[in-house]
Amino acid sequence: MAIRSYISVDDFATEEFLQLFTHTAEIKKNLAMNRAAYLDKLCGILGGMMFYEPSTRTSGSFEKAVKRLGGQLYDFNIAASSVAKGESVLDTACMVAGGTEFLIVRHPQQGIGRQIANVINIPVINAGEGTGEHPTQALLDMYTIWERFNKTQVRIGLMGDLLHGRTCHSLIKLGARLGAHFFCIAPIALQMPKEYIAYAESLGCIVSAHETAEEVAGELDVLYITRLQKERLPQALRSQYEIEGSPYNVTPALLAHMPVESIVMHPLPRVDELSVECDTDPRAWYFKQAENGIYTRMALIQHLLSL
């Protein structure tokens, strides 16, 4: 059987995502009744994880996912490794992959996941690449939407740094595959890159650009807010937003314009773009969204290993 990796949402057929959603829902239901329900799935299996960028939710949910499946995870410590001596990413990946059954990678270089998959013989999972894609985040995002609405043909407002936000890049690709339409809400300087808009529109997805959320808030099923990627901004913009703060903020006043059945999502971490005053609103789904990362990644790992 050919080794499969998940580097981009393009790596799976649309039907596979729907199967993953169904499997995720089953996992979530069974774990609620029995926390040990899946401990036999990865018994004796060791995965590898190498993160060249900081992470809380992605690394943590992968670790929880593997442990809930009864497996073990070798979390490679970049800071204490020969990377400091100049070892290449590909050489490091070969070392971490040795003796493991799958490899999870986060790196600032776009395209590195595919390069790694070409030199090792185990599945590679892209846990975020620079300003490119974050396909496992899109998986949990669209699962959360499917869970809430029992469908994926919804109207999603993407708001914030859409130029550098890899979560939004993967989400617009997967959402378009699954019938969603998108409102891109951002300053002109931070709008969605044209290639992702073209990809979505080629699938029949309606994509529109807006500079204020109030223009479209009443039409949204989902408001998906992201932080400014200050570490990736040009210096001029970084200086501007360090002084002014985020150009967009989700507050109870904005939520008042949204439908009562809508939801607010955020890949987290948040800084100043999402008010904590929104946390008690029943439409605040971002912490449920984050928890869903455990269950979707459990389903993904099993799918890649054919378990």
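Taken together, the values in this text are just the output of simple stated rules run on the coordinates, not laboratory data. If you're wondering where the values come from, they're calculated on a predicted model, not measured in any experiment. Ideal geometry is used to build each Cβ from the backbone, glycine not excepted, and the neighbour counts take in all protein chains shown.
Numerical summary
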quantity: Residues Leu39 and Ala80, FRET efficiency given R0 of 30 Å [Cβ-Cβ distance, rounded to 0.05]; calculated: 0.50
quantity: Spatially near lysine pairs across the chain, Cα under 14 Å, sequence gap of 8 or more or different chains; calculated: 5
quantity: Extension gain (nm, one decimal) between Val89 and Gln153, 0.36 nm per residue minus Cα-Cα; calculated: 19.1 nm
quantity: The chain - Kirkwood radius from inverse mean 1/r over Cα pairs (Å); calculated: 19.9 Å
quantity: Computed label-point distance, nm, for sites Thr251 and Ala198 using a 7 Å Cα→Cβ extension; calculated: 3.9 nm
quantity: Dimensions in Å of the range 1-126 - Rg and Dmax from alpha carbons; calculated: 15.5, 48
quantity: Around Cys278: net Lys/Arg minus Asp/Glu count, Cβ-Cβ under 14 Å; calculated: -2
quantity: Chain lengthening between Gln72 and Asp11 when straightened (0.36 nm per residue, less Cα-Cα); calculated: 19.4 nm
quantity: Neighbour-count ranking [beta-carbon atoms within 10 angstrom, fewest first] of Thr212, Thr131; calculated: Thr212, Thr131
quantity: Amide H contacts under 5 Å for Val250, placed H, 5+ residues apart; calculated: Leu274, Ser275
